[in-house]
Amino acid sequence: MSESDMAIQGHGGALMEESPYAIPSRKLTIWLFIISDAVTFGAILFAYGYLRVATPDWQAPFKTGSIVNVAIMTFVLITSSLTMLGAVDASKAGDKPKALRFLASTMVLGLVFAGLHIREWFGLFDEGIKLNSGLFGQTFFSITGLHLLHVISGVIALAVVARKYSSGSLTPGHVETTGLYWHFVDLVWMFVVPLVYLTNIAH
Amino acid sequence: MTSAGSSGNVIAKYLPVYFILLAIAAVEIFLAYQDFSTARLVLILLVLAIGSAALGLMYFMHLAREKRSLFLSLIPATIFVLLMMNMIWTDSIRLLHMRPFAH
């Protein structure tokens, strides 16, 4: 059989090496993306830390109401990770309706998180804290804005994957890959909350 | 190939991890209102955050179930890169005290 015949028929054979780490290439790719994104967030958080340490009169604007809001946002995001787990497992078990319900729940929780976040932003705008209002504003809105962008992108990705999984053009493996990204977004939030919010409480 | 199991079981299986993550978040918020210096607070919160991240990575992202070689390829290098970023602190403290560069 010629190489072109094998390519046309999709026969892997000796042309294809085994997947490294015994996972599909799409899963390895999303892990590599997660690592690169983690380092990006690490860099931006380190930059924030650098500026905070170097600034003696750092602004600390978060009152109790903001911290309660952050606590609710954290609860919502961690719960969305749990529903994402349910979606991945249901898809692997072949239970498509259940997987789609869990995916929908995850999307709703993601949108609730985004809504609470944007409401918090407008609250800060009313207090005069904006992107161009000093080092705190620049760092805070950069970090939380980047995270919010990841959340919204994740919700869109979940919607696309849910629709295509429902029609059969995507597999449970794709649901799992999207799930890994969603869990990563949750993990980043677990660093943003203590470093950006809890160290800037107004005493 | 799909693995057998119902999502009800997996939710129940990971509920302890879920509650631990919520508890860590609650502890962090509690500690933030205690009378710690900023440096000590950051250190404590970072340790708790790393613990949360480890739980999320190993259980929610199932890294504990993957081959060891995947973990070893991804995590040590990432930790190394993040640790190397700590070189900035001396310059940050120098800036705080407006000290000139070392000659």
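What follows is calculated from the coordinates using simple rules that are stated; it is not laboratory data. Computed from a predicted structure; not experimentally measured. Glycine also receives a Cβ, built like all others from the backbone with ideal geometry; neighbour counts cover every protein chain displayed.
The condition of being surrounded by fewer than 17 Cβ atoms within 10 Å (Cβ to Cβ) and not in a helix (DSSP H, G or I) holds for only one of A:Gly94, A:Gly123, A:Gly115, that being A:Gly94.
From B:Ser92, B:Ser69, which residue is at the interface with another protein chain (Cβ under 7 Å from one of its Cβ atoms), loosely packed, with under 14 Cβ neighbours inside 10 Å and either in contact with a Ser or Thr (Cβ under 7 Å, 6 or more places away or on another chain) or not hydrophobic (A, V, I, L, M, F, W, C) (or both)? Step through it out loud before you land on a result.
Working: B:Ser92 fails: loosely packed, with under 14 Cβ neighbours inside 10 Å.
Just a single option satisfies the conditions, and that option is B:Ser69.
Tell me, please, whether a residue that is within 19 Å of A:Val185 (Cβ to Cβ), touching a residue at least 40 places away in the same chain (Cβ under 8 Å) and away from chain B (no Cβ under 11 Å) can be found in region A:122-134. No, every residue in region A:122-134 fails to be within 19 Å of A:Val185 (Cβ to Cβ), touching a residue at least 40 places away in the same chain (Cβ under 8 Å) and away from chain B (no Cβ under 11 Å).
Take the residues of region A:168-182 that are closer than 21 Å to A:Phe75 by Cβ and surrounded by 23 or more Cβ atoms within 10 Å (Cβ to Cβ): which is farthest from the chain's Cα centre (by Cα)?
First pass over region A:168-182, keeping only residues closer than 21 Å to A:Phe75 by Cβ: A:179, A:181-182.
Subsequent filtering for residues that are surrounded by 23 or more Cβ atoms within 10 Å (Cβ to Cβ) retains A:179, A:182.
On the way: A:Gly179: 9, A:Trp182: 4 Å.
Here the residue is A:Gly179.
Specify the residue that is farthest from the chain's Cα centre (by Cα); the eligible residues are those in region A:126-139 that are surrounded by 14 or more Cβ atoms within 10 Å (Cβ to Cβ) and assigned to a helix (DSSP H, G or I). Top of the filtered list is A:Leu135. Among the residues making up region B:36-45, those that are closer than 17 Å to A:Phe46 by Cβ, within 13 Å of the chain's Cα centre (by Cα) and either in contact (Cβ under 8 Å) with a residue 12 or more places away in the chain or facing chain A (nearest Cβ under 7 Å) (or both) are B:Val42, B:Leu45.
Using the structure shown, decide if A:Ala54 is in contact with a helix residue (DSSP H, G or I) (Cβ under 9 Å, 6 or more places away or on another chain), farther than 24 Å from B:Leu21 by Cβ, within 8 Å of chain B (Cβ to nearest Cβ) and surrounded by 17 or more Cβ atoms within 10 Å (Cβ to Cβ).
On the way: in contact with a helix residue (DSSP H, G or I) (Cβ under 9 Å, 6 or more places away or on another chain): yes; farther than 24 Å from B:Leu21 by Cβ: yes; within 8 Å of chain B (Cβ to nearest Cβ): yes; surrounded by 17 or more Cβ atoms within 10 Å (Cβ to Cβ): yes.
So A:Ala54 fits the description; yes.
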